[in-house]
Amino acid sequence: MKPMDDSGLDKIVLMGFMGAGKSTVAAEIGESLAVDWLDTDDLVEEMAGETITEIFDQRGESAFRKIEKKAVKKALNSEVSVISLGGGAPLEEENWRLIQSGGTSFYLEVSPERIEKRLRGGKERPLLEGLTEKERREKIKRLLEKREPRYGKADFIVPAGDRSPSAVAEEILSVLEDESGKTLCASG
Ligand code: S3P
């Protein structure tokens, strides 16, 4: 039995590649259900007192992954109902075990082509910095291929490429309603 929060809901855990819209969808769900949500990237920055780019630049990816593990643990042990994970978080075995036992997970599936477009001019992604367009495209494809087997083990896969964050959020809520047999109380 998975842990439930105050509203009697399983935690909702969103995973997927950078640019899949996880944090925006988490906020949409949080607002519709009037529950708290958080993004593990924000938690990492809060815990470290540095931005993700600073952590990568000054201490490297492995230092980032260590802090991310603490953030994932903290998030999944918290009262927060909706959690969006950094794109690489589910790949770490320790995180994956917590994700599986900590809530209902959703993979926001987006094609590499669309990810590439969405990431242009967006927030800084240290894993994709300093690359030519071609290298960037190839790295996105390669990383996604490596990660998909894990993402695909989420409890539910939600196509998120050509839909708005609110449409993706609505689908997640309707999946949960079907699963729980309850009407989830949406605000507004
Ligand atoms: C990463 C994704 C980022 C952030 C970090 C590493 C990854 O989060 O955690 O830059 O390994 O895919 P988003 O998925 O929110 O962009």
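Of note:
- So Arg114, is it more than 11 Å from the ligand (Cβ to nearest atom) and either open to solvent by 80 Å² or more (accessible area, probe 1.4 Å) or in contact with a Leu (Cβ under 8 Å, 6 or more places away or on another chain) (or both): yes
- Among (1) aliphatic (A, V, I, L, M); (2) buried (at least 18 other Cβ atoms within 10 Å of the Cβ); (3) under 29 Å from Gly161 (Cβ atoms), the one test that Leu91 misses: (2)
- Screening Glu46 with (1) open to solvent by 30 Å² or more (accessible area, probe 1.4 Å); (2) acidic (Asp, Glu); (3) near the ligand (Cβ under 10 Å from one of its atoms) gives one miss only, at (3).
- Of the set (1) in contact (Cβ under 8 Å) with a residue 60 or more places away in the chain; (2) more than 10 Å from the ligand (Cβ to nearest atom), all apply to Glu94 but (1).
- Residue list for the range 53-79, restricted to those being open to solvent by less than 20 Å² (accessible area, probe 1.4 Å) and within 18 Å of the chain's Cα centre (by Cα): Phe64, Glu68, Ala71, Val72, Ala75, Leu76
- Subset of the range 154-181 [in contact (Cβ under 8 Å) with a residue 24 or more places away in the chain, of a type outside the set (Asp, Glu) and not in a strand (DSSP E or B)]: Ala154, Ala160, Gly161, Pro165, Ser166, Val168, Ala169, Ile172, Leu173, Val175, Leu176, Ser180
- Filtered residues of the range 124-148 (kept if open to solvent by less than 100 Å² (accessible area, probe 1.4 Å) and more than 15 Å from the ligand (Cβ to nearest atom)): Thr132, Glu135, Glu138
- Unique residue being of a type in the set (A, V, I, L, M), in contact with a Phe, Trp or Tyr (Cβ under 6 Å, 6 or more places away or on another chain), under 22 Å from Arg150 (Cα atoms) and open to solvent by less than 50 Å² (accessible area, probe 1.4 Å) when the list is Leu85, Leu98, Leu14: Leu14
- Test for Ile12: is it within 13 Å of the ligand (Cβ to nearest atom) and β-branched (Val, Ile, Thr): no
The values are calculated or read from the model by the stated rules, or taken from the named source; none is laboratory data. Computed from a predicted model, the values in this text were never measured in an experiment. Here the Cβ is made from the backbone with ideal geometry for all residues, glycine too, and neighbour counts use every protein chain on show. Accessible surface areas use protein heavy atoms only, side chains included; no ligands, DNA or RNA. Shrake-Rupley method; radii C 1.70, N 1.55, O 1.52, S 1.80 Å.
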